[in-house]
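The values are calculated or read from the model by the stated rules, or taken from the named source; none is laboratory data. Bear in mind the structure is a predicted one, so any value in this text is a computation, not a measurement. Ideal geometry is used to build each Cβ from the backbone, glycine not excepted, and the neighbour counts take in all protein chains shown. Side chains included, ligands, DNA and RNA excluded: accessible areas come from the protein's heavy atoms. Shrake-Rupley method; radii C 1.70, N 1.55, O 1.52, S 1.80 Å.
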Amino acid sequence: MALVNLGRNRKRIFTVICSLTHNPYGTTITRELTEEIGKLPGLEETGLLYSQTFSHKIAVSVLTNIRAYYEKGLSDIEAMDPAVAQSYHDMTDSGECTAVLYGADGLVLDTLSQDYCLLEGTYDEEEFLSGK
């Protein structure tokens, strides 16, 4: 029954698979499990989405611009969402923010590098893989 359900809604299946593989802490699916999934009969394509969360130091000039932008409406933000306001204060006090760096390969990269997904410019796979 599970196999029949896989073919019913391909968009939903793609979304589920992406959500299983996307975790900023990288603990959702192990390398061994992805290799086993890749061996499943009938599987035509695979791809990986990687992510790494890290702390990023904010340049003083950027921090100044952020403060100037948000200070005007900070009381509204604090009233609507105290957690967002607390994150803002943590960031401005420490001078650091949390950033997530993403990488992709296989089906994920092939899909995201289609012309209709690019905002500007072109993507040349051979040139990209050359590292130049």
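Observations on the model:
- Flag for Tyr50 being modelled with pLDDT of 85 or more and either of a type in the set (Ser, Thr, Tyr) or part of a strand (DSSP E or B) (or both): no
- Counting only helices (runs of 4 or more DSSP H) that fall entirely inside region 64-113 and contain at least 2 residues that are open to solvent by less than 70 Å² (accessible area, probe 1.4 Å) and over 30 Å from Gly47 (Cβ atoms), the qualifying elements are 74-80, 82-94.
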